[in-house]
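Encoded as structure tokens, the structure appears first; notes follow it.
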Amino acid sequence: MFVFTMNKRGLKKAAVVVGCAAVLALSAVAVGGAISDTRAASLSSTQKVEFSSTNEMLTYLTSMGIEADLSSAKVDQVRIPKKWDDDFAAFNEVIIEGGLDLSGYKNKKVEKWDFVALNRSDEEQTVSAILLVYKEKLIGAYLISRPSGEVQALVPPAQSSSSQSIATAGEVQQSDSAQLEAAVAEIEQAAQQPGALPSE
């Protein structure tokens, strides 16, 4: 038979250590889940976009924080290369950052729509929002600065949903902290009652 005895001070320390570990674990899960949810929402929202008109393209660009100039719109037919070199693979990584992927469209002819992004351009650089469309489906999107040629992913602006996700994670942490304090108080109260400490 094994006998285990713990005084009130030891019981309090054990409760605090266990509670802190629980709060850290729950916080990590909550923040990780919020980041995953945001990323998943970004991917699913862009992967299902289809256009039947230029007005729908403008609406999409507006949702991405781009003020596009319809009068500047240009469209070309381009072919996604069948074999990719390192440069094109790096370019596709930029597309993937925006939640899309060109790898399923190798050797396909696609429409390349080019819109001047008025709110991103200045006197030195003209920024264009590029939409790659295959059979009315958005398969790629990016921003390009001219004359520098710098390419960036087209991603939604930092919006209230991401800050709400972070706030929600903070609220979860505060809620867990309050539950931990209540649990510690209950343990301390139970430890003060005679015969409450474990004896085996």
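With respect to ILE66, determine if the residue is within 30 Å of ASP122 (Cβ to Cβ), touching a strand residue (DSSP E or B) at 6+ places or on another chain (Cβ under 6 Å), at pLDDT 55 or above and hydrophobic (A, V, I, L, M, F, W, C). Full working, then the answer.
On the way: within 30 Å of ASP122 (Cβ to Cβ): yes; touching a strand residue (DSSP E or B) at 6+ places or on another chain (Cβ under 6 Å): yes; at pLDDT 55 or above: yes; hydrophobic (A, V, I, L, M, F, W, C): yes.
So ILE66 passes the test.
Quick check on my filter: what residues within segment 78-128 are in a loop (DSSP other than H, G, I, E, B), of a type in the set (Lys, Arg) and farther than 16 Å from LEU154 by Cβ?
LYS82, LYS83, LYS106, LYS108
Name the residue that is surrounded by the fewest Cβ atoms within 10 Å (Cβ to Cβ), counting only residues in segment 48-72 that are within 11 Å of ALA117 (Cα to Cα) and not aliphatic (A, V, I, L, M).
Ranking the candidates gives THR62 first.
Give the residue that is surrounded by the fewest Cβ atoms within 10 Å (Cβ to Cβ), with candidates limited to residues of segment 112-152 that are among the β-branched types (Val, Ile, Thr) and more than 22 Å from SER53 (Cβ to Cβ). Walk me through how you get there before you give the answer.
Taking segment 112-152 as the starting set, the residues that turn out to be among the β-branched types (Val, Ile, Thr) are 116, 126-127, 130, 133, 139, 144, 151.
Narrowing further to those that are more than 22 Å from SER53 (Cβ to Cβ): 126-127, 144, 151.
Details: THR126: 17, VAL127: 20, ILE144: 19, VAL151: 15.
Filtering first and then ranking leaves VAL151.
When you scan segment 97-156, how many residues do you find that are touching a helix residue (DSSP H, G or I) at 6+ places or on another chain (Cβ under 6 Å) and farther than 17 Å from VAL78 by Cα?
Counting residues in segment 97-156 that are touching a helix residue (DSSP H, G or I) at 6+ places or on another chain (Cβ under 6 Å) and farther than 17 Å from VAL78 by Cα gives 4.
Look through TYR105, TYR142 and report the one residue that is touching a Gly at 6+ places or on another chain (Cβ under 7 Å) and among the aromatic types (Phe, Trp, Tyr).
Details: TYR105 fails: touching a Gly at 6+ places or on another chain (Cβ under 7 Å).
Selected residue: TYR142, the only one of TYR105, TYR142 that is touching a Gly at 6+ places or on another chain (Cβ under 7 Å) and among the aromatic types (Phe, Trp, Tyr).
The values are calculated or read from the model by the stated rules, or taken from the named source; none is laboratory data. All figures in this text were calculated on a predicted structure; none of them were measured in a lab. Please note: Cβ atoms are built from the backbone with ideal geometry, for glycine as well, and neighbour counts cover all protein chains shown.
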